[in-house]
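Quick note: the coordinates plus some simple rules give every number you see, no bench work behind them. Note that the coordinates shown come from a computational prediction; the quantities given were computed from them, not determined experimentally. Backbone-built Cβ (ideal geometry, glycine too); neighbour counts: all protein chains shown.
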Amino acid sequence: MTSKGNSKSTQRKIKQKKPSTATNKKKMVTVDNHVKVTPKIEKIEPMLLKQTDISSVKGKPTKPLKKGVKRKAEDSLVDETFQVSNAAVSHPRISQKVGCRHLEKYKEHNPESYLVNFKAIAELSMRCYKIGIPRESKALRHQKCSDCNLKGDRLHACLDCVFIGCWRGESHARKHFKNTRHIFATDVQRLEIFCFGCSDYIYDIDYDNVKKHEEVRAEEKESDIKEPARKRARYVPWKPSAEESEKIKKNSTPFPCSGLRGLLNMGATCFMNAVLQTFMHNPIIKNYFMTDKHNMNICGTSGCMCCEVDNLFQEFHSGEKKPYPPCSFLQSMWLSSKELAGYSEQDAHEFYLAAINKMHGDSHETKHQELNANIQNCECIMHKTFGGCFQSRIKCSQCDMSSDREEHMVEWQLHLRGLVTNQKKKNGTKASQESNSNEMDVDKNSLEDCLDRYCEKEQLPGFKCEDCENRYLSEGESFGKAKGSVNSCSRTTTCKKLPPVLTFVVERFHRASTKTNTIKNEAEFEFPEEIDMAKWTSRGHDVLEKGGTLDDLPNYKYNLLSVVNHEGKINTGHYTVYCKSRDRWFLFDDHAVKCASVEEVLQSKRKAYLCFYVADTLEYDQPNVN
Amino acid sequence: MSESENEQKLANEFKSRFLETQDRNRLKRLLAKRLRDCGWKDKIKKRCVDKIRTEGVENIKLDQLEESILTHGREAVPDDVKVEILQQISSFLDKHISQPQLEKNLK
Ligand SMILES: [Zn+2]
Ligand SMILES: [Zn+2]
Ligand SMILES: [Zn+2]
Ligand SMILES: [Zn+2]
Ligand SMILES: [Zn+2]
Ligand SMILES: [Zn+2]
Ligand SMILES: [Zn+2]
């Protein structure tokens with residue numbers, strides 16, 4: 001591994017003899033769901049204990065471990081309540097960051113005080129509902145609607161004033177919002193926050209932290225009452241003082257970057273290595289395997305590709321630096337799949353699709369129905385990560401006919417306009433951009449342009465509108481329009497459901513007809529580091545069509561995650577990949593791993609083949625705040 | 001006073017009494033337990049998750065989710081649970097609304 005030092009310097013291993021009290025140490029171990037709860041834990045744990053991580057992790061109150069019980073990551077999420085806003089992303093640690101634009105503004109306007117009321121409500125709520133014992137709070141247990149005195153379920157407290165309102169139907173909570181424009185209310189019992197602007201419960205990490213904090217306090221109080229003899233220690237969030245962090249730095253040895261490892265080329269397997277690296281640095285896939293959702297020791301099916309990926313994660317986080325030879329991966333790929341065997345195509349895109357299908361087949365979460373049946377709801381890790389849904393709407397301009405069709409997607413194919421080929425001339429001088437006759441027409445091919453074109457209205461010549469035809473048949477000439485309304489229909493394709501990780505495939509390999517050879521298009525494809533997808537969603541498209549603005553839509557921002565590049569000619573070319581890991585960019589070229597900059601990544605306009613973007617609303621790695 | 005108005009009045013009376021006592025909470029807890037035990041809760045939850053996943057999390061709001069699940073949810077409650085809860089309610093009625101009161105109300 002040729003990864004350079006600058007990431008090392010921040011990553012320090014804390015020696016076991018090191019700091020503080022035993023309680024502190026114990027807490028550190030509970031910190032993160034990234035930690036795989038297997039023997040691997042010893043190997044990974046140190047990387048979590050970077051100094052920067054400690055502070056961020058410490059600030060976040062976690063439930064203390066119950067005696068000897070492994071705290072399952074999911075338990076913290078799946079509560080008694082339906083966590084509606086999180087249900088679709090049923091993964092631990094992954095949650096909506098700023099799903100609500102109203103809350104974003106609210107925080108801006110009340111930077112000091114936005115949590116104050118909520119904290120008070122949470123404290124009260126814990127006393128009313130969580131701690132069953134103290135009689136003194138009996139009065140509090142009978143909270144009721146300020147307007148109608150209704151007690152009981154789903155009371156919501158306003159976050160701006162002292163109002164508590166009932167919930168069902170045209171409730172007083174809603175009325176309060178209409179009268180005062182106090183936009184947020186929290187369920188008094190469940191402490192979920194409702195936004196009247198979004199008409200939905202929203203999630204926010206700050207409020208969630210307050211809630212967790214109060215839960216810990218409540219548990220402490222409860223055990224004080226139940227077992228006064230035990231003297232339960234108070235949970236205190238720990239932030240190292242200057243002195244302490246100095247000590248940690250001095251007594252720690254830097255721990256090499258974890259999770260970064262080159263993959264040996266097993267004979268023109270760079271296409272596979274490139275795609276595997278994107279999987280390895282995909283936060284959702286990483287979380288899945290790092291939390292032991294598919295354990296190779298438990299599954300043990302031979303030829304199971306999920307097991308092979310699990311194995312890769314173990315190898316990547318073993319601390320070993322030598323490039324890893326993915327022999328067994330390759331072997332099980334050959335044995336198990338005709339599509340992948342022979343890999344004659346050597347195409348990263350094909351491999352990406354084949355890997356999804358294979359892992360879908362091997363996953364335990366897959367509903368074993370016929371393939372393609374109800375794939376939209378498939379719970380395998382690959383479809384949960386990459387699966388979205390297009391909507392194509394056919395509309396007739398003469399009548400009101402409009403019909404929608406949904407189509408499952410795991411990739412978004414982007415067509416490049418114009419053809420630029422790069423060939424060597426006989427005399428050996430490199431001809432730059434020797435292109436076909438349309439060179440003048442070479443359009444700008446940015447990701448945004450390509451998406452605009454993808455979602456453009458497209459006329460459907462020759463497509464008969466059945467409604468028009470039926471009306472013509474029944475109403476005859478009086479319908480007015482000639483029977484031949486063949487050209488009245490158009491189709492618009494938009495994205496109905498964006499997946500957590502969006503895969504864009506740039507159509508670089510071009511085959512004019514079956515007789516000609518495939519040629520590679522090296523036209524420039526510009527892609528941004530961040531993109532707001534709102535415009536190309538079905539919802540956004542509808543809003544814009546009606547003349548509205550995208551401001552009230554949910555957050556559809558995506559961030560660049562990795563880019564698979566194809567360099568050189570079509571058959572002799574070579575694949576490399578840029579991946580973002582813990583907020584830093586790396587270039588993976590088979591066995592070699594190098595640091596990279598985001599500028600460098602964005603410069604690979606002529607090579608970019610697959611671009612992966614991850615939803616901004618997903619919260620995964622703690623960012624490295626230096 | 002018409003029949004239906006009387007009924008309405010009685011229902012209101014019943015409602016407020018029901019709310020005043022702890023019986024409502026007790027019944028609610030009982031119902032929640034029964035629904036959990038018979039697997040109703042898991043089934044409904046599964047349906048909600050499926051619905052959200054099909055629609056896309058940004059595209060569905062709480063009201064819509066509730067609406068889409070409500071009818072099915074009611075139908076899916078097992079009969080014996082319904083019977084048990086109804087019995088509990090009627091015994092509550094017997095206990096709290098005594099005959100003379102009833103007559104008084106109906107006058
Ligand atoms: Zn009310
Ligand atoms: Zn208010
Ligand atoms: Zn909102
Ligand atoms: Zn397996
Ligand atoms: Zn699947
Ligand atoms: Zn028509
Ligand atoms: Zn290669």
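Structure data summary
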| read-out | value |
| --- | --- |
| Packing-based order for A:455-468, A:114-127, A:491-504, using average beta carbon neighbours within 10 Å, highest first | A:491-504, A:114-127, A:455-468 |
| Shielding by other protein chains, A:528-540, mean Cβ within 10 Å | 1 |
| Hull volume in cubic angstrom per residue (convex hull over the Cα atoms of region A:280-364) | 104 |
| Gain upon complete extension [B:Leu70, B:Asp37; 0.36 nm per residue less C-alpha separation] | 9.9 nm |
| Other protein chain Cβ atoms within 10 Å, averaged over every residue that makes up B:59-72 | 2 |
| Computed lengthening from A:Glu220 to A:Val598, 0.36 nm per intervening residue step minus Cα-Cα distance | 131.4 nm |
| Ranked by how many other beta carbons lie within 10 Å on average, peptides A:346-359, A:214-227 from highest | A:346-359, A:214-227 |
| Fully extended contour minus Cα-Cα distance, from A:Glu123 to A:Ala242, at 0.36 nm per residue | 39.7 nm |
| For B:44-53, mean number of other protein chain Cβ atoms within 10 Å | 5 |
| Three-way shape call for region B:3-105 based on the alpha-carbon gyration tensor, with the a/c threshold at 1.5 | prolate |
